[in-house]
């Protein structure tokens, strides 16, 4: 029997980006808030200082800042005809853990989605007709618009100090920025980062081909910055140990460097770490949350009652907790009924490796940041005419190389053996002059009837709870799109002067061992009606009004950009609704 | 001056008191950012000498293997002298070898390639089994000689055979073992020398990676120029004591 | 926690006993202005720093261990509890404790209680403090303060010490100085007791008055020179800088850490701007060394060369290659007074054990310096410290590997 603790106004599950944003907004409003985090406390000087943060084996290959699969994992199959098996080690994605969550060691690529992304089904149907979309594609409109979220994108960017060049301010297109971006109310808080040689050459080649390259918006700051909370960040030093790693000099926007110093000083906030929430508790009606049950690392089970529950864990675990707590109806792919688990998506990634004359080109790839790079948006979203192409969606194409870490930079020309002297010499001769590393085409991933999440029938975590089961494969739409984008990228590489280009478009079947970003989305999507979504436009559960589900779980499909900017904007948008509307009158904010 | 044993004194910060609370290991953090003087979790630097996991026979086999995967040349040592076998040995003797971070709950069943490795054996167990099978297969084919005793050309034949699934091992997937040892050898070659390989940062010097420098602000604008910084690693900075 | 009933009983009793005397004593229990003034004065005096055991939830109830050069003393309970606190003390006894260094029944206090400084306060201020202390929750917490070893535990011995080192008496303003200067002097030399940490001490633990405020090593740190020395003191700081530092923990020149971080966090950041400027004005007028130093250690020297390379690899990522740091985040090392203290104890502490800078409402970031003890050997710490102490216009004595080794062992023993 769990020991019951004194009541709190709000309990937050997970202290990553959304947990930190929500905790700050709610404590500002005077609520007594506790955040319960599965992993450990993490901070710069004690966990990733300059004397040992730069350890590729420890932090990239053995992903020591991430959740370890031994603590909990997921199972995977391509389709319902297979038996799902556990991911015994991470591959296709890596799951965060600890205070800061994925926000601690992310690239800090800070994009906004396009206005059309939020009304995707309406937009595409209107432009191409309702027969254009495949029958099993289940994309939807979000229930919020870009205009709704614009002030909150701004809030998140100014919280982080995001470095970028605006392309569209209040409708005015500005040189050097992304001309396709939705109108923003003001420029970025700090200027774009300086670019390396390879990134600069890519932009020049892209311009020559008629594109309009823009600097990738970066949460690795171009200059020191103090945010509206009074927290100061430093200037990025291009160390090349960014994503997967903690930042040793406070120059990457993370919960630690933007919110936690202020949040932890508040007398009405408390964080409990190394404590895993196992269940959201409901009252007898099943329509109201009474708090959570969690387990400490010594195995003690505790109950934390609260009036308001914020589910701020990573996407997969949000869905898992909803299912394990009996909230909403689990999705059934046969009938199409049930909202929890459907519209699960990832990101369609592809790249090309290019080799240049080593006597003429030295890219110094190790001088980089996690969000450095030059991108083009001509082939993102619906920015281009799809009518003859046979697919929908797109992505940004960019030279966004983040590092020259040796184990991730072993590209060798085609025909090179995998071992022996020829391999060794090819490595030696191409390290500085090759353009490698995945992620050059960062594209959308639409949702499908047969791509979903549910509870595994066989495999369990250490508490005996079923693991999340991923049923996911790549559809023709994404494969065609990926081939198209990769071809475009390869053209630019050739224009740059590459002597050899090896295209690496995304190929099926979906492979759980091949890293494709950790941008897992959906599973408890937002929408305009409980008939086709799990949460309403304010991220409030349709089923349990005092439960709000944050994060990329809300995305009905994934767009051609990194998701965190949109996750942050939705968190601020949801927080505002909670503070200004919900707290005054707790109950459903939307009557569908 | 009276020397105080600080342990006799009560903690001088409320936060420290809360963090060392014996009640439960769940740490409760409030009132400000926690701080413990001297707090850090630095890597354990591998000390050379001896084998922590491999038997001397296994070590000989692995040393021979890594030296063919990455042979020596006049400028850069090969896998053996770079310490790749030491690297693998120390990894297998540690948490990686014991699969401590992996999900190792059953049931175990083979799956598709896309579902990833599903072996119930830890990496350490896999090596032990595979190396024994490799030696047995070599003795069988090469008149009683284990892998380490073959000529370079014969070793290369064996490795190619494993790579293309033509050289079979009894009771172990030879092609899978090839991929495992190739990955581990490369890791040893190019990882930080604290792990036992990449001796004297030889591999980094070969490719032109200057190592663990953190501040490139003076270099970001110097496009297409060779970086002239001395090569440094996490624990080894020979440039510090050069005059 | 005991209820307040017995407390009010005691107060009532003393009211009855000295019917009109309560007001005549100078404490009017309904004079909220006096109580608030008293509260503010206890912030300046930072009573909580010694008398509150952190994490206990019981303000000013004593029990905290205070390190002295002679041993450990436990700070007494100064809540109004009549048996274990000072509730039964008369106002005169209280004033004597603060200004004459005597406790109840005339027993000598140890100068861990800085009566040598508090002696300067006016009677009115002392009564205001008493008035405030009368209002804090009474806590029953018996504390035996005297934990010193024999023969130091004989309080009568303090009589001789006081002859040497104690000049009792209220502050006398200097008619040749401004009102602001005098206010600053009153605070710094009195309740602020800056010299308790910042003035070097004799072997017997008394102030070396000829070297006032030139710095003192205690508890693993070196409380810096805060005279007008332009190189090692605050001579190069403006009054604004000093006031800002005391208020926020930050100035252009420095970011507070270690023991001063506690002082700023608890005490000075809660003082009003006028008082902070007064203290700054006073300190800037305090004589010190004139700022000349021996020539800096030349860059060709082998420790400097090693230090330069260590700096480039391990330090410049935050403190920048020009030593200027990053405003509000990483303190500048170039032209830094802290870096150029003759005694490098604080520098060795920060490099070996790391340190978290202070968080205040105005400046909450509280970046931390990581520890380098695991990576840098004694000669390497010595080299990089010698380098920063003698680069970018800095000049200070080189640091030796021996010094670093001693500091490393001492810090380990302190468990800090």
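Numbers at a glance
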item: Segments classed as helices (runs of 4 or more DSSP H), wholly inside region C:153-219, with at least 3 members that are in contact (Cβ under 8 Å) with a residue 12 or more places away in the chain and over 16 Å from residue C:282 (Cα atoms); result: C:158-165
item: Set A:270, A:243, A:300: member being surrounded by fewer than 24 Cβ atoms within 10 Å (Cβ to Cβ) and under 21 Å from the mean Cα position of the chain (by Cα); result: A:243
item: Checklist (1) more than 12 Å from chain A (Cβ to nearest Cβ); (2) under 15 Å from the mean Cα position of the chain (by Cα); (3) buried (at least 18 other Cβ atoms within 10 Å of the Cβ) applied to residue B:188, failing item; result: (1)
item: All positions within region B:37-50 that are touching a helix residue (DSSP H, G or I) at 6+ places or on another chain (Cβ under 8 Å) and facing another protein chain (nearest Cβ under 7 Å); result: B:37, B:38, B:39, B:40, B:41, B:43
item: Residue in region C:71-98 that is nearest to residue C:110 (Cα to Cα), counting only those that are in a loop (DSSP other than H, G, I, E, B) and without any contact (Cβ under 8 Å) to a residue 24 or more places away in the chain; result: C:89
item: Any hit, region A:344-357, residues being in a loop (DSSP other than H, G, I, E, B) and surrounded by 23 or more Cβ atoms within 10 Å (Cβ to Cβ); result: yes
item: Qualifying residue in region C:355-375 (condition: modelled with pLDDT of 95 or more and over 27 Å from the mean Cα position of the chain (by Cα)); result: yes
item: Residues located in region B:119-129, provided they are surrounded by 15 or more Cβ atoms within 10 Å (Cβ to Cβ) and free of Cβ contacts under 8 Å to residues at least 24 places away in the same chain; result: B:119, B:121, B:125
item: When residues of region B:73-93 are limited to those that are touching a residue at least 12 places away in the same chain (Cβ under 8 Å) and surrounded by fewer than 19 Cβ atoms within 10 Å (Cβ to Cβ), the one nearest to the other protein chains (Cβ to nearest Cβ); result: B:75
item: Residues being in contact (Cβ under 8 Å) with a residue 60 or more places away in the chain and over 27 Å from residue A:576 (Cβ atoms) - total across region A:287-317; result: 7
item: Residue within region A:411-419 that is within 14 Å of chain B (Cβ to nearest Cβ), in contact (Cβ under 8 Å) with a residue 24 or more places away in the chain and either farther than 30 Å from residue B:69 by Cα or touching a strand residue (DSSP E or B) at 6+ places or on another chain (Cβ under 7 Å) (or both) present; result: yes
item: Leading residue by the ranking (farthest from the chain's Cα centre (by Cα)) among those in region A:125-163 that are in contact (Cβ under 8 Å) with a residue 24 or more places away in the chain and on the phi > 0 side of the Ramachandran plot; result: A:143
item: Flag for residue B:70 being farther than 30 Å from residue A:467 by Cβ, at the interface with chain A (Cβ under 9 Å from one of its Cβ atoms) and buried (at least 19 other Cβ atoms within 10 Å of the Cβ); result: yes
item: Enumeration of residues in region C:220-246 that are over 24 Å from residue C:410 (Cβ atoms) and outside any loop (DSSP other than H, G, I, E, B); result: C:239, C:240, C:241, C:242, C:243, C:244, C:245, C:246
item: Failed item, numbered, when residue C:361 is tested on (1) surrounded by fewer than 24 Cβ atoms within 10 Å (Cβ to Cβ); (2) out of contact with any helix residue (DSSP H, G or I) (no Cβ under 7 Å at 6 or more places or on another chain); (3) away from every other protein chain (no Cβ under 12 Å); result: (3)
item: Answer from A:255, A:228, A:217 - the residue that is closer than 21 Å to residue A:112 by Cα and surrounded by fewer than 23 Cβ atoms within 10 Å (Cβ to Cβ); result: A:228
item: Selection from region C:334-359 of residues that are in a helix (DSSP H, G or I) and more than 22 Å from residue C:321 (Cβ to Cβ); result: C:345, C:346, C:348, C:349, C:352, C:353
item: The listed residue being under 21 Å from residue B:34 (Cα atoms), within 12 Å of another protein chain (Cβ to nearest Cβ) and buried (at least 20 other Cβ atoms within 10 Å of the Cβ), out of C:375, C:352; result: C:352
item: Among residues of region C:321-335, those that are more than 7 Å from every other protein chain (Cβ to nearest Cβ) and either surrounded by fewer than 21 Cβ atoms within 10 Å (Cβ to Cβ) or farther than 28 Å from residue C:241 by Cβ (or both), counted; result: 4
item: Complete set of residues in region A:413-438 that are buried (at least 23 other Cβ atoms within 10 Å of the Cβ) and within 20 Å of residue A:506 (Cα to Cα); result: A:435, A:436
item: Odd one out for residue A:292 among (1) surrounded by fewer than 24 Cβ atoms within 10 Å (Cβ to Cβ); (2) farther than 30 Å from residue C:325 by Cβ; (3) under 26 Å from the mean Cα position of the chain (by Cα); (4) within 14 Å of chain B (Cβ to nearest Cβ); result: (1)
item: Filtered residues of region C:61-85 (kept if farther than 26 Å from residue C:414 by Cβ and touching a helix residue (DSSP H, G or I) at 6+ places or on another chain (Cβ under 8 Å)); result: C:77, C:78, C:79, C:80, C:81, C:82
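Per-residue answers, yes or no, for (1) touching a residue at least 12 places away in the same chain (Cβ under 8 Å); (2) farther than 20 Å from residue A:23 by Cα; (3) touching a strand residue (DSSP E or B) at 6+ places or on another chain (Cβ under 7 Å):
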residue: A:482; (1), (2), (3): yes, yes, yes
residue: A:492; (1), (2), (3): yes, yes, no
residue: A:497; (1), (2), (3): yes, yes, no
residue: A:510; (1), (2), (3): yes, yes, no
residue: A:541; (1), (2), (3): yes, no, yes
residue: A:545; (1), (2), (3): yes, no, no
residue: A:561; (1), (2), (3): yes, yes, yes
residue: A:586; (1), (2), (3): yes, no, no
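The values are calculated or read from the model by the stated rules, or taken from the named source; none is laboratory data. Remember, predicted model here, so these are calculated numbers, not experimental data. As a convention, Cβ positions derive from the backbone with ideal geometry for all residues, glycine included, and neighbour counts pool all protein chains shown.
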